[in-house]
1. Just to be sure before I move on: is residue 354 in a helix (DSSP H, G or I), at pLDDT below 90 and touching a strand residue (DSSP E or B) at 6+ places or on another chain (Cβ under 8 Å) in the structure I sent?
2. Residues being free of Cβ contacts under 8 Å to residues at least 12 places away in the same chain and out of contact with any helix residue (DSSP H, G or I) (no Cβ under 8 Å at 6 or more places or on another chain): count how many of those fall in the range 303-322.
3. Evaluate the range 278-291: report whether one residue or more is assigned to a loop (DSSP other than H, G, I, E, B), surrounded by fewer than 16 Cβ atoms within 10 Å (Cβ to Cβ) and among the basic types (Lys, Arg).
4. For the range 178-259, give me every one of the helices (runs of 4 or more DSSP H) that falls completely inside it and has 3 or more residues that are surrounded by fewer than 17 Cβ atoms within 10 Å (Cβ to Cβ) and among the polar types (S, T, N, Q).
5. Could you please find all residues in the range 355-378 being crowded, with 17+ Cβ neighbours inside 10 Å and either among the polar types (S, T, N, Q) or more than 28 Å from the chain's Cα centre (by Cα) (or both)?
6. Of the residues in the range 349-377, how many are among the hydrophobic types (A, V, I, L, M, F, W, C), more than 20 Å from residue 105 (Cα to Cα) and touching a residue at least 12 places away in the same chain (Cβ under 8 Å)?
7. Report, ordered by the first and then the second residue, all pairs with beta carbons closer than 6 Å, sequence separation of six or more or different chains, a first member in the range 323-348 that is assigned to a helix (DSSP H, G or I) and surrounded by fewer than 17 Cβ atoms within 10 Å (Cβ to Cβ), and a second member that is at pLDDT 90 or above and among the β-branched types (Val, Ile, Thr).
Amino acid sequence: MDVILPVTQIMTSKPISIDALTSLACSKLQIMPKNLYHNPVAKNDNDNIKSLVTENDIVQVQADHPVFKVIGIAKQKDLKGLITMSMGAPNFFSQLVRMYEKASDIACITTNITDVITKRLLALAFEKFGTPPIAFAWIALGSQARKEQIAKTNQVNALVLASGATQAHIDYFLKIAHFVNDGLDACGYAYCPGEIMASNPKWCQSIDDWKHDFRQWILHPEPKVLMRVKTFFDLRCIDGDKSLISELQDEVASLAKDQQIFLSLLHQISLDFQPPIGFFRMFVLSNKGEHKDTLDLNHNGLLPIIDLARIYMLSSGQSEEYTLKRLKLATNTVAITEQNLDKLQDAFEFISYLRIQHQECQLSQGIKPDNYIYPKDLSPLLRDQLRSVFEVVATLQKSLGQCFIVV
């Protein structure tokens, strides 16, 4: 006998659509926490459904992918199990480097692993300390927010609590935060040297207090303060109520777009890190310390592009988390032409992949990964390409300053 039921009883009421350009591995990590098995695929520029991808489709194509080995992270019942799983991260990273050609894909998957570990730690914390008494959002900042992590990095995170949070609520969430921050450190994600972590009472507060902070940073900017807090403009919800973060991002977007002094100061601060290229296309190498005669691919290569993208995003009055997508917000504006945008995106991918290759090589030799390379170790072709991308970044970094001249 046929069973007659309304569709509402068996349907997924809020399905997650997958961007058609998203890699299968990233798609798997996106849908895995929701236990969804049939997922609509939407074209990037609109919400029209183009197809359907199932759990079996992904498994059949990528059954041997390292990402599927970390699905067990979500099933770990204690911190010890998470630590054990985390010990395999260097091997996962090496596999990804061998399997993928795009740095952005490798970084996306690596960051998603961090996200899953963080979510599981939060679940364990709630088991220990009880159900959250009010709505909250655990946010990642910096490279994790931008999905640009590669080999393990320091943790940078914060907590946004619902409006009206009391001191008792804050005390509860500080216990949660200490548990998670300690757990991340045990899993290899070192404490933030600047203590930008949710366990710091300064960064565990209500959305009203967060809005106040952002208003101060944007409307009354101070160079020293902006240098320290610019990473807060890179934020992404890892767990909890995403509407809190959307509300905060909307507030920031509406405030920042017309604040020329704020944007100008952000640009001036970004000039502290410039591409290491001098006269006659010569590399400007570090001249002291343990990294003498090297190039810092992070601070002098990627960070200038990340800073440019952040300023483009804030000046556009829109919200976007990822560097490559932030760059697109400036297309055909006074800030950047479409041709220069393509060059800047290529520069970001090239420097990112060069750093990934360098760190994978270090890991394979049992060396702690860093961002410093010796140009002499690169082929003549790679050296010439690196000079070219540095020149592109330097040119656009300089031209952006003309957009924010304060009269």
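The values are calculated or read from the model by the stated rules, or taken from the named source; none is laboratory data. For clarity, every value in this text was computed on a predicted model and none was experimentally measured. So basically every Cβ, Gly included, is an ideal-geometry build from the backbone, and we count neighbours across all protein chains shown.
1. On the way: in a helix (DSSP H, G or I): yes; at pLDDT below 90: no; touching a strand residue (DSSP E or B) at 6+ places or on another chain (Cβ under 8 Å): yes.
Judged against the criteria, residue 354 is not a match.
2. Looking only at that region, the number is 0.
3. Looking through the range 278-291, at least one residue is assigned to a loop (DSSP other than H, G, I, E, B), surrounded by fewer than 16 Cβ atoms within 10 Å (Cβ to Cβ) and among the basic types (Lys, Arg).
4. 242-256
5. Of everything in the range 355-378, those that are crowded, with 17+ Cβ neighbours inside 10 Å and either among the polar types (S, T, N, Q) or more than 28 Å from the chain's Cα centre (by Cα) (or both) turn out to be 359, 371.
6. Final tally of qualifying residues: 1.
7. Final answer for the pair search is none.
Quick grid of which residues meet (1) of a type in the set (D, E, K, R); (2) within 25 Å of residue 319 (Cβ to Cβ); (3) modelled with pLDDT of 95 or more:
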site	(1), (2), (3)
122	no, yes, yes
127	yes, no, yes
130	no, no, yes
136	no, yes, yes
150	no, yes, no
153	no, yes, no
161	no, yes, yes
166	no, no, yes
170	no, no, yes
